[in-house]
Each structure stands twice: as C-alpha cells, then as structure tokens.
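Visitor: Below: one structure in structure tokens.
What follows is calculated from the coordinates using simple rules that are stated; it is not laboratory data. These numbers were taken from a predicted model, which means no experiment stands behind them. Counting neighbours? That spans all protein chains shown, and the Cβs are built from the backbone with ideal geometry, glycine included.
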Amino acid sequence: MKTKFVVCIAFLVSLVAGFAGAAEESDPGTEITDLVANSAVPAPLEFLDDPPVVIDAEAPEVKATEPAVVEHQGFVSFQVNVGADGFNILGDAANEPSIAVSPLEPNKMSIGWRQFDSVTSNFRQAGWGWSDDRGRTWTFPGVFTPGVFRSDPVLDVDGDGRFYYYSLFWDLADSYLCDFFFSNNSGRTWSGPVRAFGGDKQWFTIDRTDGAGRGNIYVSWSTAGNSFGRRIFIRSTDGGSTFSEPVELSPAPIWGTLAVDPEGSLYLAGNANFNRTIFVVHRSMDAWDSGVDPTFDAFTVNLGGRQTSFAGPNREGLLGQVWIAANHSDGPDRGDLYIVASVDPPGGDPQDVHFIRSTDRGENWSLPIRVNTDDRRAWQWFGTMSVAPGGRIDVVWIESVTEEEPNIGQLMYAFSEDGGDTWSVPVSASPLFNSWRGWPRQDKMGDYYDMVSDDSGADLAYAATFNDEQDVYYLRLWSDCDGNGISDSHDLWSGQARDCNANAVSDSCEIIEDPALDNDDDGILDSCQAPPRTGGGRVMP
C-alpha cells in the first residue's frame, strides 16, 4: 500500500462565541509525520481480568416489576437488554451499544453491546438483541460464543440489508483479535464468526453506494491492544468472506470512525498517534477498486480542543469518539464531509461538542463550531453524529446539569439542516441519570453510543442508568418534520404537532416516511380525514 502525505493543519488561536478562532495553514511541503510525533502507545482499554460469573441455572431469575420504558418530554426510550417478558433483568450490566437498521425494512433493527452477567465481575461478552417493530419491543436471545471474553461491538448493514457484527475477543494465545458475525434476517439469527484481524477500539464501515465498491467492508483499529503493531487497516471486497492483510496508516487514526462518500472514496478519522490535540483524516480515492492496493492521502485537522479519556463522568473510559460522515444527498452539499467530537477546549470548560466541515473531500476544513449552547463549565460528552440521506446532520451528547457533578446528566439532541452552518436549539431527550451507577467492576459506561439517521429522524442506541444500573436503550429521535426548527418528538409533547391517529408519531413525520399516506398533499393523513358528503348530508359509504 502506498501513502501520499498532504498537510492542512490549523492552529487554535482563540475561542469566541462558540467558534475556535483564526487559523493558518502550515507549509504544504512539510511531511505530516514531521508534525505529528509518535506518542507513547498506552495500555489497551480492553483486557481480560475477572473470570466469568457462574450463573446458577436452577436459581429463579430476579426481575424488576416495572416495564423498561422511559419517557421524557415526548421522547420514549425502550430498554434493549431485557428478559423474555420484556422487563429489566436485575444485577447485570450492559453498555457500549452499536446499532444496525435495515435500509429495506426500517422497522427491523439489531443492537449489540457489552454484556456483563453480573456487576460483581468485569468479564464481558457479546450481547445482542433484535426488534421488528421499530424498537418498541426487543428480544435478547443471549450472547455470541458464551464464556468467551468479548468487547467493543460494532454493527453495520450493507445496501442489500445484510447485517454485520464486528467483535473484539481475547484468544487462548493471550492476544487481541476480532471477528465478524453475519445476519441475513435483520439480526434474528447470525452466522460466523469469520476471523478479521483487528484490535482494541476497532470500527468499520460498508460502502452502500451504487458504484463499483458497493459492499466493500473497511476496517481499522487502535495501535494499542493488537497483534499487528502499526498495521491497523484491512479491507474485504467479497462481503466479509476474506480480508486483506493489515497495512500501516501513519499517523494512525486513533479512537475514531470511517465513512464512504457518494463517489466511493473512503475516509478514516481519529486523533493522530495518541496526540490528543491533533486529529488526522486519511483519504483513499481508490479503495473501492478491488484490483489495486488502496493508496491514502493524510490531512491533519483542528477540532478546537483535546480528546479526553479517564476523566469526569467516565473515569476509566473515553469521553467519546471522533465521528466522520459524508453527505449523500442530491443537494448542494453532496459529498461534503463532517466531523463531530467531544473535546476539552482551551480554558476552564471541561468538555464541549465541536463540529467541522470539509467541502473539498477532506483537504481543507472549517474552523470548529460548538454545537452545544451551554456556556457553563459543564461536561458535554459522548458526542455522536449521523447524517440522513437528505443531508440533515443529527448530533446527540450527554450534558451534565451542574459543574460540581459531572456524573449527573441527560441526553441532548440537536440537528442542522444546512450543512452545519446553523443548529437547532438543543432539547433534552432523556431524564437525568448518574453515569457512576452500576459499574460492573469497571468505572465507565462504555466508550461510545451509536446512531443511524433517515429522512424523518434517527435511531439511537445508548446506555444509561435509569434503573440504577447500566442498561442499553433504543430511542427514536423524530426530526423537524414540520419545519419549525424543533424536533417533532418535542413538538408532540408540547402540543405543537398533530398526531391524528394517536400513534406517538407526528403526522408530518409519517407523511415524510410514506407520502402515500397523504395522497391529496394537504399535510393531513388521509385516514384521519372525514369522507366526502353527498347532498342532504348523508355520509357516503
């Protein structure tokens, strides 16, 4: 694999009114490796410690007596890691969820997570659940390969609706590896595993364009906690049956994600070699071509702060990943790239959610914009982004409500309809919860959330402690379907949105999802309209 280095690095000068201030470009001829030193590789975040907990099969299962549903100002969260009767299971823990939603049947989805059978042990396994009613009810069949240490679940789906689950595990040779599981029925059952190299904090994406690279799987992981050193990238061009040998990316993109643009070009983002204040984007414009070894350009970017871990609300984990996504709409922003991350900005504020944009395929980036509007010295952490097919950008994060208690926070949601130039007023989407509750002998609530957007909203998988223990929840975030700048979930709660059939979905969002529900295009569901009358006032049958 060949790598071409290009530099576009900006230095933070000031932070004014939510913007990280003036920037200047470095010498274009400077090698990126000269600017980004190789920081010491820390210990991996995932490692085998406690033995598995032995569950007495004869003992009766102790369950909560309340349904695992949480409502807050029009937003309804459904617990995923539930027992056969749909109720919370007491004494376990679940966190670090990832979600896949069928592009063909969006009611069908699957979520994976780190499953701890008991909070008395940090031994974790690969939990998973499925839903076929858009997340209102969940089935938790169990874990993959019971008794095997597994962590860092990542799920995605290809353009034909096949689900993929990538899982980190600890093998008998005391080394980190990853493998893939596959589902052809939206997560109800799975085949595999297939070995796929890997290491700690892995992530992957799938090309869902209609180009020659459709179906390609692209994978990367951290240089900490793997068996391949700085060789951290692989590719599959046959749907996950085989994978290329790992190759080096320098500087390595750490604790980040991947994206494919409408032309099939691949992007990877993360902090650069564990330099938490410098971030790197790798771009390959030929990774789609199965006949060549991919080549990469690399660009450094300024996010206006430092990527944080082992602090505040998540003492032994990340405060969030570096999220990169591409605009696949048919509008003027098609092909633009976006990055969102929770970072520690200059000054006394411990954590904000920052956004940057590139309009030239990653070569130059805007100055950072702060998405959260809170000026307090509070923690806005676990910033998570996804982009709808029509171009809307959705962002969620946890926001602490006091400066003194970083662990007491709630889920917040904001979106942008204009490529990130302006943002909606953030709204709270969950009740308060305590991120320090329910630790399974590991002082963290995982390292990330995960979200998938469509043109009427977003499907979010997140962890919270509403039951005074760590559990995984699904939340449908309805977007601004009626165009008033506020999420329709919040509008329903405040009485500002119409829901004529009382199904907890605004009529405007239903019409966006299925225009056939409003054949006369008057903004009202046809099923809610009175039938036409004949002369004399009789209702026609």
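Visitor: Sort the stretch 147-227 into rounded, prolate or oblate with this rule: let a ≥ b ≥ c be the square roots of the eigenvalues of the Cα gyration tensor; rounded if a/c is under 1.5, and if a/c is not under 1.5, prolate when a/b is larger than b/c, oblate otherwise.
Guide: Oblate shape, in that a/c is at least 1.5 and b/c is the bigger or equal ratio.
Visitor: Among Val148, Thr465, Gly198, which residue has its Cα positioned farthest towards the positive end of the charge dipole of the stretch 72-479, with +1 placed on the Cβ of Lys and Arg, -1 on the Cβ of Asp and Glu, and the dipole taken about the Cα centre?
Guide: About the Cα centre, the residue reaching furthest to the positive side is Val148.
Visitor: Excluding Trp423 itself, calculate the net charge of residues whose Cβ lies under 10 Å from the Cβ of Trp423, where each Lys or Arg counts +1 and each Asp or Glu counts -1.
Guide: Details: positive: Arg370; negative: Glu417, Asp418, Asp421.
Computed value for this residue: -2.
Visitor: Reported to two decimal places, what Rg/Rh ratio describes the stretch 72-479 when computed on Cα atoms with Rh from the Kirkwood expression?
Guide: Working: Rg = 19.3 Å, Rh = 20.8 Å.
Dividing the radius of gyration by the Kirkwood radius yields 0.93.
Visitor: Then there is this: Can you check what the Kirkwood hydrodynamic radius comes to for the stretch 79-119, Cα pairs only, in Å to one decimal?
Guide: The answer is 11.6 Å.
Visitor: Gap in Å between the Cα centre of the stretch 421-467 and the Cα centre of the stretch 228-282?
Guide: Comparing the Cα centres of the stretch 228-282 and the stretch 421-467, I get a distance of 25 Å.
Visitor: Let me ask another. For Arg188 and Asp286, FRET efficiency with R0 = 35 Å and r from the beta-carbon atoms, rounded to 0.05?
Guide: Numbers: r = 37 Å, r/R0 = 1.05.
Efficiency for this residue pair is about 0.45.
Visitor: Is the shape of the stretch 316-454 rounded, prolate or oblate, going by the alpha carbon gyration tensor and its root eigenvalues a ≥ b ≥ c, with a/c under 1.5 for rounded and a/b larger than b/c for prolate? Write down the numbers at each step before the final one.
Guide: On the way: a/c = 1.97, a/b = 1.79, b/c = 1.10.
Since a/c reaches 1.5 and a/b is larger than b/c, the shape of the stretch 316-454 is classed as prolate.
Visitor: Hey, if you put +1 on the Cβ of every Lys and Arg and -1 on every Asp and Glu Cβ in the chain, which of Ser456, Asn519, Gly348 ends up farthest toward the positive end of that dipole?
Guide: Checking the options against the dipole of the chain, the answer is Gly348.
Visitor: So what's the back-of-envelope 222 nm ellipticity for the chain, counting only DSSP H runs of four-plus at -39500 (n - 2.57) apiece and dividing by all residues, rounded to 500? Walk me through the intermediate numbers first.
Guide: On the way: 3 runs with 18 residues, N = 541.
The per-residue figure over the chain is -1000 deg cm²/dmol.
Visitor: Compare the peptides 417-424, 384-391 by average per-residue count of other Cβ atoms within 10 angstrom and give them in order, highest first. Walk me through the numbers before you get to the answer.
Guide: Numbers: 417-424: 17.2, 384-391: 22.0.
Going by the mean number of other Cβ atoms within 10 Å, highest first, we get 384-391, 417-424.
Visitor: In debye, nearest 20, what is the charge dipole magnitude of the chain about its Cα centre with +1 on Lys and Arg Cβ and -1 on Asp and Glu Cβ, if you could check? Working shown, then result.
Guide: Values: 36 positive and 81 negative charges, 184 e Å.
Approximately 880 debye in magnitude.
Visitor: Return the FRET efficiency for the residue pair Arg376, Arg306: r is the Cβ-Cβ distance, R0 is 30 Å, and the value is rounded to the nearest 0.05. Can you show the working numbers first?
Guide: Values: r = 19 Å, r/R0 = 0.63.
Step by step, r from the Cβ atoms, then E = 0.95.
Visitor: Right, something else. Output the peptides 206-212, 521-527, 395-401, 357-363 sorted from most to least packed, where packing is the average of other Cβ atoms within 10 Å over each peptide's residues. Intermediate values should be presented prior to the final figure.
Guide: On the way: 206-212: 17.1, 521-527: 12.3, 395-401: 25.0, 357-363: 18.7.
Output ranking for 206-212, 521-527, 395-401, 357-363: 395-401, 357-363, 206-212, 521-527.
Visitor: Looking at the chain, send over the antiparallel percent of its DSSP beta bridges, to the nearest 5.
Guide: On the way: 125 of 130 bridges.
Antiparallel bridges: around 95 percent, rounded to the nearest 5.
Visitor: Which of the peptides 257-266, 195-204, 181-190 is most tightly packed, and how do the rest follow, going by the mean number of other Cβ atoms within 10 Å of each residue? Numbers along the way, then the final one.
Guide: Values: 257-266: 21.5, 195-204: 23.9, 181-190: 19.1.
Put in order of decreasing packing, that is 195-204, 257-266, 181-190.
Visitor: In addition: Which distance in Å, rounded to a whole number, links the C-alpha centroids of the stretch 82-110 and the stretch 182-211?
Guide: 17
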